[in-house]
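The values are calculated or read from the model by the stated rules, or taken from the named source; none is laboratory data. It should be emphasised that the depicted structure is a prediction, and the values quoted were computed from it without experimental measurement. Glycine gets a Cβ as well: all are built from the backbone with ideal geometry, and neighbour counts include every protein chain shown. Heads up: the accessible areas ignore ligands, DNA and RNA and are worked out on the full protein's heavy atoms, side chains in. Shrake-Rupley method; radii C 1.70, N 1.55, O 1.52, S 1.80 Å.
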Amino acid sequence: MNVFRRLTRRPSLELDDIQATVLRARPEPYFGTHAILEITDPGGGRELLRRLAPLVPSAAHWDEPRASWLALALSYHGLEALGVPEGTLASFPANFRAGMAARAERLRDTGPNAPANWEFPFGTPHVHVAVTIFADSETAWRNEVAAYERQLHDLAGVRLLSHQDFGATGFNVFGYRDGFSQPVVEGSGAERLPGGGRPVKAGEFVLGYPSETGQALPAPGPDVLGRNGTYVVFRKYHSHVAAFNRFLHDNARTEAERELLAAKLVGRWRSGAPLALAPEADNPALGEDSRQINNFGYRDDPRGLRTPLGSHIRRMNPRDGKLEVLSDVNIRRIIRRSTSYGQPLPATDLRDDRESRGLDFIALGARAIDNVEFLQSEWVNSGNFTGLGKEKDPLISLQDKGAYFTVPGSPPRRIQNIQSFNTLLGGEYFFMPSLSAINWLSR
Amino acid sequence: MSEQNPQVRFQNLPATVRDRVNEAMSDAKVVFKVKVGELLVNRKETAEHAVTGAGRIGAKSGEISELTLIAELKPGGAERLRRFFKLIDGNLAGAGQVGTLHNMRFVFLDNDTKLLFATAYDGEWDPYIDDFATKIPEMMDYIFSNMEGWPGITSPEVKEYIVTRQVPAEAWYVSQPHLTVAEESRLLRQDVTLQRFLTELN
């Protein structure tokens, strides 16, 4: 699928100061690396920012393909380690300062998802800088990684904590097309695609611009630090694909029935074609068509007979569907830059091969931290907002013992013993500074 | 067991429970001490009504949280609010659209100088305040701008304003702690269907 939107209006945002990743779509196929660094000396940290700054492109010309690019973000501990003044540190919001691990209760990250079970270095005070490299070919990826590693090579005061490669064709490890539903950021100049919703105020995604309230959302100061920056939520999941495949086999007899049940959980077929437009069977042509893949709403399906109320995509983006609780869906949009790692497991494989595979969930936005906390408690790990009581998201929630999923119909079908198909391996909250803020922080 | 003499029943409670009850309420009549002691022993009943935190501030039982706010009124604020409440006969039916409010009340205190606002709501403190700021800002500001220092519902200071004036409950009871407003609506719809079915059956 062509992942690039056209530029149809003159951009009004300061694109040459905003990091490319904020507006640049993930290529298809994509290759890349997530690295996490620790700053052990403030001078070394500032030198790191000075060296990496030239590798971080801006969002200007975000609509044109680019072979590779680098994104850079800092945790609260990272800002501290850089020696940022106390008054500036205090101007960041409380949940960012606390960090994801400290927010576990609010995020419903308990049991197997609790910070005590996370991979190193997640949840430790050593996580300071996140570097992500995106590329559209293996060669471009290797070159970009080499260029970044050259800058790191002889640098004192900075320590590499983790280096995780990722890459996929645009389909996740469960075999589903992903990453193609994005909000239209007002002022980016991006064309509107059918069903993608109205443009959402730029201040919801980039600090320093009016948000949906009419005012700019709170930003850290001084202005050079906050303006054109945004927040990043990173959550690394291990995917239990064999368990998902077994669940389908245990609850459906034929391949067609299994694929329909899977589509009822997700809200889409593997191709990306939505149940709303293809209720009976997959329609791969729909999944390939960026103008059709989101061209639907839920107003004509209030009971969820086509797209279940509890399906993953209907929970994560309720569009025009009626909800039980007063909610503004336009302030809950996030820019999604998630990446898949590991090899997909075919739907026929029912045995866990113990390979490492999953999803790095990445959300960007001025409210990204508030929104992921909101999503985790309200839309993922509860069903109350859509009248489903304690039912949870079928893909990314932490399911309790005896959990079930309801497929609406006459009669409805209640499928017992749904398990958690993704386990959290760790995560962090980051601040993604503008290019001028990187420069300011490096001094 | 309930037929037994209260003294005997009290002595039959575990020593740790007896000690805790004696220490906290030494001056209570033994009949009441027995009731409290037996409740403390009955973990199933107390677990169902366990009081947890509503997030930033306030108590929560099951799915339902409490919020009590006491704020100073601006001069003329009580009068302005009274006119509004009189216009609608004290009927806040429109609040139903929020979908998480079980009840709410506005009470004028201290010779109309202070307002007490109290509500029982579903979920936790933080999630939906941002939605109020973009979905019902006019209503929020009309009512709460009568209070001294109200920064406006879209202000970044609004959560801080509420937190500093909220008085968390020390004890909190909800008869059906897992029945949210959405669940109540669902059960009522089901009951209508069931009653119609029974009527038509005969």
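Here is a yes/no grid of residues against (1) free of Cβ contacts under 8 Å to residues at least 12 places away in the same chain; (2) of a type in the set (G, A, S):
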position: A:W141; (1), (2): no, no
position: A:A147; (1), (2): no, yes
position: A:H153; (1), (2): yes, no
position: A:A156; (1), (2): no, yes
position: A:L161; (1), (2): no, no
position: A:G175; (1), (2): no, yes
position: A:Q182; (1), (2): no, no
position: A:K201; (1), (2): no, no
position: A:G208; (1), (2): no, yes
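Tally the residues that are part of a loop (DSSP other than H, G, I, E, B), more than 14 Å from chain B (Cβ to nearest Cβ) and more than 11 Å from the chain's Cα centre (by Cα), restricting the search to the range A:322-349.
Adding up the residues that qualify gives 8.
Of these, A:L89, A:L107, which one is buried (at least 21 other Cβ atoms within 10 Å of the Cβ) and at pLDDT 95 or above?
A:L107
Going by what's in this entry, would B:K33 be described as open to solvent by less than 80 Å² (accessible area, probe 1.4 Å) and part of a helix (DSSP H, G or I)?
Values: open to solvent by less than 80 Å² (accessible area, probe 1.4 Å): yes; part of a helix (DSSP H, G or I): yes.
Yes.
Going by the conditions given, is A:D349 touching a residue at least 12 places away in the same chain (Cβ under 8 Å), of a type outside the set (S, T, Y) and either at positive phi or surrounded by fewer than 18 Cβ atoms within 10 Å (Cβ to Cβ) (or both)?
yes
Which residue out of A:S397, A:S382 is among the polar types (S, T, N, Q) and within 12 Å of chain B (Cβ to nearest Cβ)? First the steps, then the outcome.
Details: A:S397 fails: within 12 Å of chain B (Cβ to nearest Cβ).
Going through A:S397, A:S382 in turn, just one is among the polar types (S, T, N, Q) and within 12 Å of chain B (Cβ to nearest Cβ): A:S382.
Can you tell me which residue within the range A:352-377, out of those that are touching a residue at least 12 places away in the same chain (Cβ under 8 Å) and open to solvent by 20 Å² or more (accessible area, probe 1.4 Å), is nearest to B:Q176 (Cα to Cα)?
Initially, the range A:352-377 is screened for residues touching a residue at least 12 places away in the same chain (Cβ under 8 Å), giving A:352-353, A:355-377.
Okay, now just the ones that are also open to solvent by 20 Å² or more (accessible area, probe 1.4 Å), so A:352-353, A:355-356, A:359, A:361, A:370.
On the way: A:D352: 42, A:D353: 45, A:E355: 45, A:S356: 44, A:L359: 39, A:F361: 37, A:D370: 29 Å.
Only one residue fits best here, namely A:D370.
Going by what's in this entry, would B:A133 be described as assigned by TED's automatic domain parsing to the domain that holds B:I64, modelled with pLDDT of 95 or more and under 23 Å from A:S377 (Cβ atoms)? Give the steps one after another, and end with the answer.
Values: assigned by TED's automatic domain parsing to the domain that holds B:I64: yes; modelled with pLDDT of 95 or more: no; under 23 Å from A:S377 (Cβ atoms): yes.
Here the answer is no, as B:A133 does not meet what is asked.
Which condition breaks for B:T180 when tested against (1) farther than 21 Å from A:A94 by Cα; (2) within 14 Å of chain A (Cβ to nearest Cβ); (3) without any contact (Cβ under 8 Å) to a residue 40 or more places away in the chain?
(3)
Among the candidates A:R270, A:R332, A:R337, A:R314, single out the residue that is charged (D, E, K, R), under 30 Å from A:T132 (Cα atoms), touching a strand residue (DSSP E or B) at 6+ places or on another chain (Cβ under 6 Å) and at pLDDT 95 or above.
Only one candidate qualifies: A:R337.
Return the residue satisfying two criteria in turn: it lies in the range B:40-62 and is open to solvent by 60 Å² or more (accessible area, probe 1.4 Å) and in contact with a strand residue (DSSP E or B) (Cβ under 8 Å, 6 or more places away or on another chain), and of such residues it is farthest from A:A102 (Cα to Cα).
B:V51
Determine which member of the set A:N330, A:N317, A:N384 is open to solvent by 10 Å² or more (accessible area, probe 1.4 Å) and within 30 Å of A:F122 (Cα to Cα).
Details: A:N330 fails: within 30 Å of A:F122 (Cα to Cα); A:N384 fails: within 30 Å of A:F122 (Cα to Cα).
The unique qualifying residue is A:N317.
Restricting to the range B:72-109, and then to whatever is assigned to a strand (DSSP E or B), away from chain A (no Cβ under 14 Å) and more than 17 Å from B:I162 (Cα to Cα), can you tell me which residue is nearest to the chain's Cα centre (by Cα)?
B:N103
Restricting attention to the range A:227-236, does a residue exist that is touching a residue at least 24 places away in the same chain (Cβ under 8 Å), more than 21 Å from the chain's Cα centre (by Cα) and open to solvent by less than 10 Å² (accessible area, probe 1.4 Å)?
No, because not a single residue in the range A:227-236 is touching a residue at least 24 places away in the same chain (Cβ under 8 Å), more than 21 Å from the chain's Cα centre (by Cα) and open to solvent by less than 10 Å² (accessible area, probe 1.4 Å).
Of everything in the range B:107-141, what is open to solvent by 40 Å² or more (accessible area, probe 1.4 Å) and either at positive phi or not basic (K, R) (or both)? Give them in sequence order.
B:V107, B:F108, B:L109, B:D110, B:N111, B:D112, B:T113, B:E138, B:M139, B:D141
With B:D141, B:D112, B:D126, B:D122 as the choices, which residue is closer than 22 Å to B:L92 by Cβ, at the interface with chain A (Cβ under 10 Å from one of its Cβ atoms) and of a type outside the set (S, T, Y)?
Within the list B:D141, B:D112, B:D126, B:D122, the selection yields B:D122.
Checking A:E391 against (1) within 13 Å of another protein chain (Cβ to nearest Cβ); (2) in contact with a strand residue (DSSP E or B) (Cβ under 6 Å, 6 or more places away or on another chain); (3) closer than 24 Å to A:R246 by Cα, which test does it fail?
(2) is the only condition that A:E391 fails.
Among the residues that make up the range B:115-132, is at least one of them out of contact with any Lys or Arg (no Cβ under 8 Å at 6 or more places or on another chain) and polar (S, T, N, Q)?
No, there is no match, as no residue in the range B:115-132 is out of contact with any Lys or Arg (no Cβ under 8 Å at 6 or more places or on another chain) and polar (S, T, N, Q).
For the range A:5-21, give me each residue that is open to solvent by 50 Å² or more (accessible area, probe 1.4 Å), assigned to a loop (DSSP other than H, G, I, E, B) and under 18 Å from A:P65 (Cβ atoms).
A:R6, A:T8
Of everything in the range A:33-45 that's in a helix (DSSP H, G or I) and in contact with a strand residue (DSSP E or B) (Cβ under 9 Å, 6 or more places away or on another chain), which residue is farthest from A:D165 (Cα to Cα)?
Going through the range A:33-45, the residues in a helix (DSSP H, G or I) turn out to be A:42-45.
Okay, now just the ones that are also in contact with a strand residue (DSSP E or B) (Cβ under 9 Å, 6 or more places away or on another chain), so A:44-45.
Values: A:G44: 25, A:G45: 23 Å.
In this case the residue turns out to be A:G44.
Can you tell me which of A:R192, A:R159 is at pLDDT below 95, outside any helix (DSSP H, G or I) and more than 20 Å from the chain's Cα centre (by Cα)?
Just one listed residue meets the conditions, A:R192.
So which of A:S271, A:S311, A:S340, A:S290 is in contact (Cβ under 8 Å) with a residue 60 or more places away in the chain, outside the structural domain of A:P394 (by TED's automatic domain parsing) and polar (S, T, N, Q)? Steps first, answer last, please.
On the way: A:S271 fails: outside the structural domain of A:P394 (by TED's automatic domain parsing); A:S311 fails: outside the structural domain of A:P394 (by TED's automatic domain parsing); A:S290 fails: outside the structural domain of A:P394 (by TED's automatic domain parsing).
Sole residue among the options that is in contact (Cβ under 8 Å) with a residue 60 or more places away in the chain, outside the structural domain of A:P394 (by TED's automatic domain parsing) and polar (S, T, N, Q): A:S340.
Taking the condition of being under 26 Å from A:F166 (Cα atoms), part of a helix (DSSP H, G or I) and touching a helix residue (DSSP H, G or I) at 6+ places or on another chain (Cβ under 9 Å), how many residues in the range A:67-95 meet it?
First pass over the range A:67-95, keeping only residues under 26 Å from A:F166 (Cα atoms): A:67-78.
Filter once more, so that each one left must be part of a helix (DSSP H, G or I): A:76-78.
Checking which are touching a helix residue (DSSP H, G or I) at 6+ places or on another chain (Cβ under 9 Å) leaves us with A:76, A:78.
The number of residues fulfilling the criteria is 2.
Against the condition at pLDDT 95 or above, in a strand (DSSP E or B) and among the polar types (S, T, N, Q), how does A:T132 come out, does it pass?
The answer is yes for A:T132.
May I ask you to list pairs of residues, at least six apart or on different chains, whose Cβ atoms are under 6 Å apart, with the first in the range A:392-414 being closer than 17 Å to A:M316 by Cβ and the second being of a type in the set (A, V, I, L, M, F, W, C) and part of a strand (DSSP E or B)?
If the second residue must be of a type in the set (A, V, I, L, M, F, W, C) and part of a strand (DSSP E or B), the pairs left are A:P394/A:F405; A:F405/A:I415.
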